[in-house]
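Below is one structure, written out as structure tokens; the observations come after it.
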Amino acid sequence: MTAKGQKWRELLSPYVYLSSNWISRVGVVFVTTAFVLWLYLLPTFIRGEVTHPYAGILIFLFLPAAFVIGLLLIPVGIVLRARRDRRRGTYPTDFVPLDFHNPDFRRLLAFIGIVTIVNVLVGSQLVYSGVNYMDTVTFCGETCHTVMQPEYTAYLHSPHARVACVQCHIGPGASWFVRSKLSGLKQVFAVLLNTYPRPIPSPVTSLRPARATCEQCHWPSRFEGNRLVVIPRYAEDQANTLTYDVLLMHIGGGEGNQGIHGAHVGPGVTIRYGSDASRQKMYWVEYENSRTGKKALYVAPGVNPKSINPRRGRVMDCIDCHNRPTHIFYMPGQAMNRAMAAGKISPSLPYIKKEGVALLKQPYSSRAQAARRIPAELTAYYQANFPAVANQNAAEIASAAGALVTIYGRNVFPKMRVTWGTYPNNLGHKYFPGCFRCHGTLHNPSVTYEKIPRHCGMCHAVLAQDEAHPKILDELGLTDPSSSSPGP
Ligand code: HEC
Ligand code: HEC
Ligand code: HEC
Ligand code: HEC
Ligand code: HEC
């Protein structure tokens, strides 16, 4: 044995002796566990198999923190032990040399060995399933239950209920993956510290450009032709009179610039715009078509075209129209129309549309309060105004009340301050400005003050508007409201 090795052993042996105390042992457990889990997680993370921000938090925050805390606990335990021994006078004057005859050293090695083996065995099982779980919809939607409740509830009842959150919110590829990790870190702190904004703000400015996410499944050259949209509407009169809007939407797309999709996301087209933070008020829009060479700038009234730098604008993509592809919230009247057409609320109940909308719009302090008061007040309304109906149709009233509570529960979230109209839907122009944020609103300052057009037949043929018996529906045999298409 060299003199140098001997010296080293002499120096260390007091620490090994002193480290047999429970604080240092906990430290050892922390250090080894964090290290082993980290070794397991890192490769899956680097390969991009984990797509959830929380995995990043675990890898970059919690495990390193546990490691450091463990490293600190070991000397703390040693110092406390040394002090205690000195106080009691049991501090050894001489230490057993540090080799395998030293029982403290053997114990320490055995302890580290056992903890590591346990970590390797348990960790290999836990890490993989844990990481997979983090990517699931349940985790995204339910872990931060209150925070995500509005989006998760709407999502569950949407056409994309089987598409995982991460497919739209993160999508494939490494760079967005890392970006989402970073913004995920911020979000987790906001939830832990209870400082997250209510409602969660929309638009999501860090959302990946939709063309890279939506086009995993839908791409404009596959859209074609027209789509028949039938919208039933019940009036707020005693009979809940039913009328229809029937539109033939010019979906467009294909290989050209025809129709709605061809005009904005077709080949060669780039539309940029500048707007306020909510993207509800447009200041200017620039249209550019590299195939036809057309370039045009349109501005809102009062905006000086010279002050605009189009390169700084946002490039229009799918979510400028489809901003609610899955987190779809309805307005009270719209939700009532849908529920009545689907037979969940009987249109034979007098004034049910008017009463239903009024009950939905009332402020309630919580969802539980709404679930109590809506049925009570609906029943009271019929008992007071239509006692005969209240008696004979008690079951219909009860199921209508149930449907109203469901509508409320899917659209209003008092804890998150989400209520009717909090999240506008841009796909249309009836309830929110939607298409008309640009169409018919912005004009071309240079030429003839020409506006982005707004003729009624441009986006859809209006086959019927507010008609009780549209001829087109008779011809197509679609006179039952439940056969109507749901609309946005
Ligand atoms: C079909 C694609 C898609 C899926 C699937 C999806 N989202 Fe979204 N999400 C969006 C779009 C688009 C927006 C709004 C973007 C905008 O207006 O900036 C959004 C917005 C949000 C917002 C911000 C608040 C709001 O309503 O605008 C939250 C929170 C959210 N999503 C959570 C989730 C969760 C949780 C899941 C899974 C349960 C999920 N999303 C699944 C596309 C999707
Ligand atoms: C993982 C695949 C996938 C992704 C990603 C995806 N979708 Fe879809 N989308 C679907 C499927 C499947 C349907 C058909 C659902 C149905 O017919 O019920 C659909 C339906 C739709 C519809 C028609 C809804 C209706 O009411 O008929 C629209 C609009 C739509 N998606 C837009 C989007 C947008 C915008 C995005 C990106 C933010 C997106 N989708 C991302 C799979 C996807
Ligand atoms: C200018 C607004 C606008 C843009 C931009 C836009 N869409 Fe649409 N999209 C619409 C409208 C309007 C409809 C018809 C809605 C309806 O029928 O109720 C539609 C319908 C659809 C449908 C259903 C098609 C069908 O045949 O039923 C899908 C899927 C879709 N869009 C996906 C996309 C994707 C993906 C993008 C981005 C590449 C995109 N849209 C960009 C306005 C837009
Ligand atoms: C951000 C601004 C903006 C929004 C929002 C917008 N558009 Fe457009 N749209 C344009 C511009 C710009 C053009 C091209 C005008 C031109 O040719 O100079 C256009 C063209 C069109 C055209 C082709 C018009 C033609 O003459 O052939 C259709 C159809 C259309 N849009 C439908 C829609 C629908 C439907 C919506 C809502 C779902 C919508 N747009 C929302 C900016 C917008
Ligand atoms: C820039 C495109 C565009 C123009 C121009 C346009 N619309 Fe629409 N319109 C839409 C879209 C998109 C919807 C939503 C379709 C859906 O519900 O699926 C819609 C919906 C409607 C609806 C049904 C509303 C509802 O939900 O009950 C009516 C009615 C209507 N439009 C009438 C008109 C009339 C009348 C004009 C002429 C003043 C007009 N539109 C001009 C794009 C347009």
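Structure values in brief
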{"read-out": "Selection status of Asn444, of a type in the set (S, T, N, Q), more than 16 Å from ligand 2 (Cβ to nearest atom) and open to solvent by less than 20 Å² (accessible area, probe 1.4 Å)", "value": "yes"}
{"read-out": "Conditions (1) surrounded by 15 or more Cβ atoms within 10 Å (Cβ to Cβ); (2) at pLDDT 95 or above; number of the one not met by Ala394", "value": "(1)"}
{"read-out": "Which numbered condition Leu478 misses (of (1) in contact (Cβ under 8 Å) with a residue 60 or more places away in the chain; (2) loosely packed, with under 14 Cβ neighbours inside 10 Å; (3) out of contact with any helix residue (DSSP H, G or I) (no Cβ under 7 Å at 6 or more places or on another chain))", "value": "(2)"}
{"read-out": "Residue satisfying all of: in segment 258-276; open to solvent by 40 Å² or more (accessible area, probe 1.4 Å) and free of Cβ contacts under 8 Å to residues at least 24 places away in the same chain; farthest from ligand 1 (Cβ to nearest atom) among these", "value": "Gln258"}
{"read-out": "Candidate set: segment 200-223, residues that are in a loop (DSSP other than H, G, I, E, B) and touching a Gly at 6+ places or on another chain (Cβ under 7 Å); chosen: the one most open to solvent (accessible area, probe 1.4 Å)", "value": "Phe223"}
{"read-out": "Answer residue from segment 409-423, given it is of a type outside the set (Phe, Trp, Tyr) and buried (at least 19 other Cβ atoms within 10 Å of the Cβ) and is nearest to ligand 2 (Cβ to nearest atom) among those", "value": "Asn411"}
{"read-out": "Pairs with Cβ under 7 Å, 6+ apart, first in segment 76-105 and closer than 12 Å to Ser19 by Cα, second small (Gly, Ala, Ser) and open to solvent by less than 50 Å² (accessible area, probe 1.4 Å)", "value": "Gly77/Ser19; Gly77/Ser24; Gly77/Gly27; Ile78/Ser19; Ile78/Ser24; Asp104/Ser20"}
{"read-out": "Residues that are assigned to a helix (DSSP H, G or I) and of a type in the set (Gly, Ala, Ser), drawn from segment 313-372", "value": "Gly333, Ala335, Ala339, Ala341, Gly356, Ala358, Ala368, Ala370, Ala371"}
{"read-out": "Test: residue in segment 230-245 that is farther than 26 Å from Arg324 by Cα, within 16 Å of ligand 5 (Cβ to nearest atom) and acidic (Asp, Glu)", "value": "yes"}
{"read-out": "Odd one out for Gly252 among (1) over 30 Å from Ala341 (Cα atoms); (2) in contact with a Phe, Trp or Tyr (Cβ under 8 Å, 6 or more places away or on another chain); (3) assigned to a loop (DSSP other than H, G, I, E, B)", "value": "(1)"}
{"read-out": "Residue count for segment 434-458, restricted to those that are basic (Lys, Arg) and closer than 24 Å to Lys306 by Cβ", "value": "2"}
{"read-out": "Filter result (within 15 Å of ligand 2 (Cβ to nearest atom), over 20 Å from Thr153 (Cβ atoms) and not acidic (Asp, Glu)) within segment 320-340", "value": "Cys321"}
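To keep it simple, each residue is scored yes or no on (1) in a strand (DSSP E or B); (2) within 16 Å of ligand 2 (Cβ to nearest atom); (3) open to solvent by 30 Å² or more (accessible area, probe 1.4 Å); (4) over 27 Å from Thr422 (Cβ atoms).
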{"position": "Ala239", "(1), (2), (3), (4)": "no, no, yes, yes"}
{"position": "Val246", "(1), (2), (3), (4)": "yes, no, no, yes"}
{"position": "Gly256", "(1), (2), (3), (4)": "no, no, no, yes"}
{"position": "Tyr283", "(1), (2), (3), (4)": "yes, no, yes, no"}
{"position": "Tyr298", "(1), (2), (3), (4)": "yes, no, no, yes"}
{"position": "Val303", "(1), (2), (3), (4)": "no, no, yes, yes"}
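The values are calculated or read from the model by the stated rules, or taken from the named source; none is laboratory data. Just so it is clear, the structure is predicted and the values come from calculations on it, not from any experiment. Here the Cβ is made from the backbone with ideal geometry for all residues, glycine too, and neighbour counts use every protein chain on show. Side chains are part of the model used for accessible areas, which takes the heavy atoms of the whole protein and leaves out ligands, DNA and RNA. Shrake-Rupley method; radii C 1.70, N 1.55, O 1.52, S 1.80 Å.
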